[in-house]
Amino acid sequence: MKVKELWRVKYIDSILGIELGDINNNGQKEIIAYSKTGKILIISLEGKILREEQISENSSIWQTHIYDIDNDGKKEIILVGIDGVLRSFSCDITYNLNLLWSHQFGASISGVLIDDINNDGLDNIIAFSLDKTIRVLNPLEGSLVWGQVFRDGIEDAIIWSEINGFRNKELIACGNDGTIRVFNGKSGELSWFKQFSNKVRCITTLKSNLGNLVICGGDDKLLHFIDKSSHEEIKSMKFNDYVWNCKSFPSNVYNKLIVSTYSFAYFNNSIPNEKISFTSKLVYLDEYLVQKWELKNKNIEAIHIVKRNKRNLIFLGTTMGELIIMDEITGKILLNIKYKSCLNAIKYCLNLNIIIACHDNGTIFAYFLEES
């Protein structure tokens, strides 16, 4: 597998993430890049900076979504800030942003989901924060539909639906208090919860050969497999580092699972970057919960799974600046591009065959993925 660098943009600020979408409804996708000091850049797929906007003063933008949340045929931009403000914008043809509404949390927002969680025909914005709350918001005005409170900050959340969303949905969240909690999507009532010994940082569900499972992990360095129906833990998997991310994705009848762990050796300033030896890794499990392969000694910052030419490719960004592409089934590394700065996020534009990657030193790359 080969790539060709199309362009690079070097910005003065660390770029924390990127998103692709047609933000002003002109029939063309744009790139939104968001920065450590609260700026966003709107960039064309040809690498031209179209707009630079200060959103929050010296406070990072943490996440971006491009989505038609009000069903008017035009997409809006949802910006999530470390300042605890969730903002909704529209964008005109000349890339001017218009603030539609904002919703204030008491601390940094950990993440956002968009889904019709209460089955009323309108997609809600579900946001969770380190202020201990998880909130379901009306997308038209940002008002509260329902909310719930943890004993400590909330790290991750997913939405569960048994049959294509036609049955009642559930919101499953995990937090720094060591709990996972399951809420009725319509009413917000707590259905059940489970307590662990330390922070739970990531959560997903898996349709496996053993049934439907809830899978979570965190600072106890364990991956926990919980039966969705009985709520009993049926298995655990031990790691040497914090369990940082777990993602399931469809593959034929059942789902597959990838799990990454994280080492904080990178933050030890007494050790030069080139001499850091990571114990963290990425592992791949099949529908029987059997580990099929692993990628050792890599600290993973970004995971992006893409279906291309009838096979899944796993795109990875590492703390050491590598862009890695792996074959899902074999675990073979198909491509490894090395750069000098931590790679924070990756996106892939399927119809144009373009990879966009952003780095901690402010560099954004665009690569053309050649056919193989």
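The values are calculated or read from the model by the stated rules, or taken from the named source; none is laboratory data. Just so you know, these numbers come straight off a predicted model, no measurement behind them. Cβ atoms come from the backbone with ideal geometry, glycine included; neighbour counts cover every protein chain shown. Accessible surface is based on the protein model in full, side chains and every heavy atom, while ligands, DNA and RNA are left aside. Shrake-Rupley method; radii C 1.70, N 1.55, O 1.52, S 1.80 Å.
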Between the stretch 31-61 and the stretch 345-369, how many Å separate their Cα centres? 15 Å
Using every Cα-Cα pair within the stretch 93-212, state what percent have a distance larger than 19 Å. 49 percent
Within the stretch 323-356, DSSP-loop trypsin sites (Lys or Arg not before Pro) with at most 12 other C-beta atoms within 10 Å are Lys332, Lys338, Lys340
Percentage of Cα-Cα pair distances in the stretch 23-76 greater than 12 Å, rounded to whole percent? 67 percent
The orientation-averaged projected area of the Cα convex hull of the stretch 1-151, in nm², is 10.7 nm²
Based on alpha-carbon atoms only, what is the radius of gyration of the chain relative to the globular estimate 2.2 N^0.38 Å? 0.97
I'd like to compare 97-109, 8-20: which one has the highest average count of other Cβ atoms within 10 Å, and what's the full order after that? 8-20, 97-109
For Gly178, other-chain or 5+-apart residues with amide H closer than 5 Å (H placed, Pro excluded) are Val200
At 1.4 Å probe size, with the rest of the protein present, what percent of the exposed accessible area of the chain is carbon and sulfur atoms? 46 percent
Grab the alpha carbons of the stretch 261-372, take their convex hull, and tell me the volume per residue in Å³. 103 Å³
Per residue solvent-accessible surface (Å²) - the stretch 45-116, probe of 1.4 Å: 46 Å²
